[in-house]
1. With a 1.4 Å probe and all protein chains in place, put 349, 15, 218 in order of accessible area, largest first.
2. If you count, for each residue, the other Cβ atoms within 10 Å and average over each peptide, how do 423-430, 468-475 line up from highest to lowest?
3. Okay, which of the range 420-436 sit inside 14 Å, backbone N to the point 7 Å along the Cα-Cβ direction of residue 542?
4. Taking the Cα centre of the range 354-502 as the origin, how large is its charge dipole in debye, to the nearest 20, when only Lys and Arg (+1) and Asp and Glu (-1) carry charge on their Cβ atoms?
5. Counting only Cα atoms, I'd like the Rg/Rh figure for the range 1-40, Kirkwood definition for Rh.
6. What does the accessible area per residue of the range 426-524 come to in Å², with a 1.4 Å probe and no ligands, DNA or RNA counted?
7. Any idea of the accessible area per residue across the range 1-74, 1.4 Å probe, to the nearest Å²?
8. Note down the net charge around residue 102, summing +1 for each Lys or Arg and -1 for each Asp or Glu among other residues with Cβ under 14 Å from its Cβ.
Amino acid sequence: MALYWCTECIPLAVTALLPVILFPMMGIMESNEVCIQYLKDSNMLFIGGLLVAIAVEHWNLHRRMALQVLLIVGVKPSLLMIGFMGTTAFLSMWISNTASTAMMVPIANAVLQQLCDTEAHAEERDHNRSAAMDGQDNQALEMEDTKESQELRQRAIDMDNDDHKYMKENDIISKVCDRSLDAELRRLKREQKYLNLTKGMSLSVCYAASIGGTATLTGTTPNVIMKGQIDELFPDNGGIINFASWFGFSFPNMVLMLVLAWLWLQFMFLGFNFKKSFGCGTKKESDREAFQVIKDEYNKLGRMSFAEGCVLTIFTLLVLLWFTREPGFIPGWATVLFNKDKTYVTDGTVAILMSTLFFCIPSKLPRCCGGRSEDGAPAEAPPPLLSWNVVHEKMPWNILLLLGGGFALAHGSEKSGLSLWLGESLVPLQSIPPFAISILLCLLVAMFTECSSNTATTTLFLPILASMATAIKIHPLYVMFPCTISASLAFMLPVATPPNAIAFSYGNLKVIDMAKAGFVLNILGVITINIAINTWGVPMFQLNTFPSWANVTKAP
């Protein structure tokens, strides 16, 4: 399965179905036991999160939010870049990285094109104005000729007419050439400047999408896989990973990575001219016109509709319920009302509850009972916020099978005794300091995910990391958490992740541009994640102890 996932010789989802065929035939697990792994609580959490994302996209709420943020930050290059990055990262926390990139990259290109065109028109206007001023100056000088200059002119007239004509023509040609060359140099300089800006902006959007997805439990598939694997391999963990605990650890790390990515891209493509980049003083005409482009796009959306308001309300309620279900420092509403004896209500329960509302609430305010349409016929009920046809078209069903295949593989490894054997084989690693193990594994995963999907990478590595952690008696989250986030650090190649491919198709990029920018960001990301896990991660999850729930030694 690892080989098939890496080479993608058959679709990833089909590879994920192999345990259903092979485990029963090899006598590892009964078919019923294998099949039940394919729809667990983590899958329900994933489905609920995707339904919310589909509703947000369907009603264009994500576009309204993005344009509103850009209107606030303005169009100065550095501020524009951090505005695009912050907006894309925020959207990627809730909707797919691919969707947020596909929406933001065209907006970025439109704004930059407008800035470039306006600057070109301004230069042309200044050039024409200076030429007119030169003509006026020449006339003034001729009117103020002194007696001496008139004598010099007379001598020139007395020169050979052919020579005089030749010198005059040369003088005119020289002036025209100088002006043309100057204009051409300005044009080339402007085009190079905006080429760099376009490259930097396109990369900033796709990198921000990958970074933003790490901040929430439902932000990207590897996060959900990790929760599922932890619950599968360590069933007595007490719900250590939930929406609130994941956000508490990952959000500060995401912000830190985003700032470092912005600084690196700023240095690589814009330089550190703070006066030009951040804009001190009055706004130029090009800035005003680019700002107008964003404003026009926002005005096209019109006023917020009833449907958008409903989607925003449900989305906000869902996030609040996720945060307050089991916040950790106080008993959450689920503990008080439902989970006194067992964990009956999970994040998946909340996600499905709120997402079902999209199919119940109408997309328009319904008329009073017995209402009639304009032609006198009985008024039809307005459609709901989401229809199943829309969901069926946009839901990535293959990912659900991929999640299930990973859970089945992990369960089979445990049942067959492979996990136990692997753990015992990794005992010699106990002599290496844990922080060194974490850094090396993060680098390995970050390199591996450049050539393979982050979903397949996480599914492959997490059961091995769990066995290793159990064998050498370190907290499983100490290695599993950093490696899961590292699986999202696919920054170097266009094929590494869909956001990279989208940016590559828009941004006049070369592979070497992405490789140079991405290599440094990979290193920065690994360093940042390991700083996070060794600082605020330790008190949050008690990572300096080996938990009793992780001490599972199951014989085959």
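1. From most exposed to least exposed: 349, 218, 15.
2. Result, highest mean Cβ count within 10 Å first: 468-475, 423-430.
3. Output list for this probe position: empty.
4. Approximately 220 debye in magnitude.
5. 1.02
6. Roughly 36 Å² per residue, with all protein chains present.
7. 47 Å²
8. +1
The values are calculated or read from the model by the stated rules, or taken from the named source; none is laboratory data. Quantities reported herein were computed from a predicted structural model and do not represent experimental measurements. Cβ: placed from backbone, ideal geometry, glycine included. Neighbour counts: every protein chain shown. With ligands, DNA and RNA removed, areas are computed over all heavy atoms of the protein, side chains included. Shrake-Rupley method; radii C 1.70, N 1.55, O 1.52, S 1.80 Å.
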